[in-house]
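Notes follow once the structure below has been shown.
Values in this text are rule-based calculations from the coordinates and carry no lab data. Treat the numbers as computed from the prediction; the structure is a model and nothing was measured. Positions of Cβ are generated from backbone atoms using ideal geometry, with glycine treated the same way; all protein chains shown enter the neighbour counts.
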Amino acid sequence: MKLGARDISALKNSAYNLLGLGLPLLIALVTIPILIHELGSAKFGILTLIWAIVSYFGVFDLGLGRAVTQRLSAAISDNEQHLFAKIIGTAFALMAALGVFALIALMAVGKFYTNQIAKDIDLGEVQLAIYYMALGMPAVILTSCYRGVLEAAERFDIVNMIRFPMGIFTFAGPVLAIYLWSSRLDIIAGTLVAGRIAALVVHARFALVSLGLAQRELKFDRAMVRPLIAYGGWLTVTNIASPVMTYLDRFIVSAIISPVAVAYYVTAQELVIRISIIPSSIVSVMFPQSAKMARDSASQANMVKRFTILVAIAAIPLSLLLTAFAYDILALWINPAFALESFRILQVLMLAGIFSAIAQPPYTLIQALGHSKPTGVIHLIELPVYCGLVFLLTAHYGILGTACAWLIRVLVDMFIMWWIAWRYISKMRLVP
């Protein structure tokens with residue numbers, strides 16, 4: 001495949017994404033043993049919940065961050081500069097309201113469940129930690145608005161210039177707080193929230209500068225509300241259904257077989273999930289490019305093909321290598337007895353990971369064209385079917401059956417995504 005200027009740019013931006021997402025995980029390898037030693041198992045368990053809130057609560061922005069990227073990319077392509085301030089301003093207002101709602105909800109739910117999770121820890125310490133996290137929710141959600149602006153402008157260098165230190169801070173921040181101040185969870189939570197607020201300020205600054213705007217120029221436009229929410233709402237369906245399908249099997253394995261079997265299954269699954277960072281880093285670059293040429297069927301078809309090749313080159317050789325040496329890798333990483341129970345699972349899930357990677361370019365194209373409803377509907381249908389399939393195959397074939405259920409789901413999903421994507425491209429060709 002001959003690389004053009006756009007391909008080189010895509011590879012460069014994908015490398016930025018991969019470094020921004022992957023390098024902080026190396027920091028985690030160093031800091032997690034320190035944190036377990038300093039905090040103890042109980043407090044560290046609470047800290048992992050705090051990490052989950054800090055890192056992933058932005059998923060519940062109702063898809064508005066992605067909606068900003070899609071709408072703004074189209075406006076940039078059409079040189080509709082008068083829409084920039086309206087798109088960003090409307091999304092900012094909606095996401096600020098969501099942030100306040102999240103703040104109130106987390107405070108209410110956190111207070112209710114504190115007694116459940118803080119059995120051997122000071123109650124006041126945990127409550128304060130939850131309150132600090134709640135106060136940080138508006139910043140976490142609003143950050144995805146400005147990240148969407150930067151992605152629309154294809155400034156992935158800036159996105160990852162911010163993401164990399166923030167990723168490090170997520171793991172190193174608690175260690176810093178412990179050695180500078182205290183091992184109290186509220187102090188650690190406050191430190192993490194301060195970092196997220198700083199990230200919001202930096203994102204906002206660079207995002208607005210990239211489009212030549214100032215915060216005071218942003219405008220709320222009622223006409224923008226419905227398309228942003230409609231797009232983001234269906235995307236949220238996918239954002240909720242997909243993780244449920246990803247993690248549901250763990251609970252089913254625990255219920256039908258045993259918690260020990262979960263360890264064999266999850267270890268292999270987590271390795272596959274971590275490798276999925278590679279195709280995700282590539283297709284996130286494709287999204288704004290595709291949104292900017294939404295009416296050009298030939299360019300869309302060429303783009304989805306070329307990004308599929310890039311994904312395949314980046315992901316398939318590594319997946320096949322891990323499949324071929326699954327036993328040896330697990331034996332070296334953990335131990336031979338564990339590897340004997342888990343290596344077949346890793347082989348099946350690695351194959352599933354290949355199909356999942358190949359499904360990402362057409363899925364991204366569908367989203368970039370502004371059609372989030374079809375994928376949301378498909379994932380709503382898939383969810384109960386997959387649940388039944390996992391129960392059936394796990395009951396009859398154990399955790400190997402569970403892995404096969406995941407393989408069948410991602411294979412079917414891949415074919416459906418390609419079918420939907422080519423339908424949209426075909427329709428574009430019929431429009432004069």
Under 5 Å, built H, 5+ apart or other chain: amide partners of residue 63: none
Between segment 344-377 and segment 162-191, the alpha-carbon center distance in angstrom: 34
Interchain or long-range residues, amide H under 5 Å from residue 219's placed H: 86, 89, 90
Added length on full extension, which subtracts the Cα-Cα distance from 0.36 nm per residue, residue 101 to residue 225: 42.9 nm
Prolate/oblate/rounded call for segment 258-415, Cα gyration tensor, a/c under 1.5 rounded: oblate
Residue 395-residue 38 pseudo-label distance in nm [points 7 Å out on the Cα-to-Cβ vector]: 4.9
Label point distance in nm, residue 108-residue 82, each placed 7 Å from Cα along Cα→Cβ: 4.2
